[in-house]
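**Q** Mind having a look at this structure? Questions to follow.
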Amino acid sequence: MAPRAIITGAAGLIGQYLVKTASRWAPGWDVQGLSRAELELTETSKVTAHLHALKPDLLIHCAALSRTKDCEQNSDKARRINVEVTAHLAQLSQDIPFIFLSSGEVFDGKTGWYGEADEPNPINVYGQTKLEAEQAVLQNPRHTVVRIVLTAGTSERGDRSFVEDMYRTAKTGKDVTLYADEFRCPLPAAVIARAIWELVDRKQPGLYHLGGSERLSRWEIGETLLPWYPELKSRLVKGSAQDHVGSPRPADLSLRCDKIQRLLSFRIPGFREWLAGRLSRGADLWDYLDGDR
């Protein structure tokens, strides 16, 4: 029988891509996705019984409370979902590989181009809970943490990626304010899924950063999307993070990804490069086609 991989958060953006790309990038695995509708991960006894019944050989944990605003408004819920659930799943996976998707939000964003050896210093609840979860996961040398930053793509519900958020706001006739002084290194979910499946195959656990090779401001990201989403054209407004009101946001979360790049069979693209390549070939925007580099 094929080894079994369980993916939590299968209704979310990256979880969805991990499931749907498994036949291409992980053909030797029996992949089963778990969504919240199928199993509430905060119900500890049910989760324990369910995983014992499934007997997985690999667990990839994508589920999280990931909206910064939601975490700030309910820090107890954020800690329960992001820390306690992760620690419990890691404990249940103590004898098998466990991959946890964390976030560049563990950094304060003051410098940018963070490497794995740089000291975390979260400035919001979401980042703090992700850091605490990382610490629980990395106690086991079999386990892996992958920090990501900003993920593009389309989800089943249409509300899981920053691109979908922008498009939905513009469609309702509202302006989309994007900061010209806040920087990220966005990457499509399909690329992240391929990288994670290759990481599984390499069998080298540890801490990794995974982001696009370009550092772009939020404003630059919005401009880059215009050929694909013309609805945004009259709605993009250039703003400044200095005027931000609300949950704390790190200014620069660009990541250095040399460590994971050395393990991958393909070059991690930049966001503008990815979009330009699809525009020139008329390819499906968010799918990862065979032969792409």
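**Q** May I ask for the distance between the Cα centers of the stretch 224-293 and the stretch 116-149, given as a whole number of Å?
**A** 23 Å
**Q** Something else now. Within the chain, what's the longest stretch lacking GluC sites (Glu not before Pro) that sit in DSSP loops with no more than 16 other Cβ atoms inside 10 Å?
**A** Segment 157-293 is the longest.
**Q** Under a crude label model (7 Å from the Cα following the beta-carbon direction), how far is Q73 from S45 in nanometres?
**A** Going by the 7 Å Cα→Cβ label model, 3.2 nm.
**Q** Determine the calculated [θ] at 222 nm for the chain from helices alone, applying -39500 (n - 2.57) to every DSSP H run no shorter than 4 residues and normalising by the residue count; nearest 500 deg cm²/dmol.
**A** -9500 deg cm²/dmol
**Q** Between L279 and R24, what FRET efficiency follows from the Cβ-Cβ distance if R0 is 30 Å, with the result rounded to 0.05? Mind dumping the intermediate values first?
**A** Details: r = 23 Å, r/R0 = 0.76.
Calculated transfer efficiency: 0.85.
**Q** Taking neighbour Cβ counts within 10 Å as the exposure measure, how do W25, W113 sort from fewest upward?
**A** Exposure proxy ranking, most exposed first: W113, W25.
**Q** Could I ask something else about it? Given all pairs of different Cα atoms, what value in angstroms does the Kirkwood hydrodynamic radius of the stretch 154-265 take?
**A** In the stretch 154-265 this quantity evaluates to 15.8 Å.
**Q** Another question, then. If you build the Cα gyration tensor of the stretch 168-226 and take the root of 5 times each eigenvalue, what three semi-axes come out, in whole angstrom, biggest first? Don't skip to the end; give the middle numbers.
**A** Working: eigenvalues 192, 38, 15 Å².
Ellipsoid half-lengths, sorted descending, are 31, 14, 9 Å.
**Q** If you project the alpha carbons of the stretch 52-128 onto their three principal axes, what span does each projection cover, largest first, in Å?
**A** Cα spread of the stretch 52-128 along its principal axes, largest to smallest: 44, 30, 14 Å.
**Q** Another one. Counting other C-beta atoms within 10 Å, which of R184, R281 has the fewest, and how do the rest follow? The partial results should precede the final answer.
**A** Details: R184 26, R281 10.
Taking fewest neighbouring Cβ atoms as first place, the list is R281, R184.
**Q** Order by neighbour count: L34, L279, fewest other Cβ atoms within 10 Å first, most last.
**A** Details: L34 24, L279 12.
In increasing order of surrounding Cβ atoms, one gets L279, L34.
**Q** For R267 and E116, calculate 0.36 nm times their separation in residues minus their Cα-Cα distance, and state this gained length in nm to one decimal.
**A** Full extension of this stretch gives 52.5 nm more.
**Q** Pull up the DSSP beta bridges for the stretch 4-281 and report the antiparallel fraction as a percent, rounded to 5.
**A** Roughly 5 percent of the DSSP beta bridges within the stretch 4-281 come out antiparallel.
FYI, it's all coordinate maths here, none of it is from the lab. These numbers come from a predicted model, not from an experiment. Please note: Cβ atoms are built from the backbone with ideal geometry, for glycine as well, and neighbour counts cover all protein chains shown.
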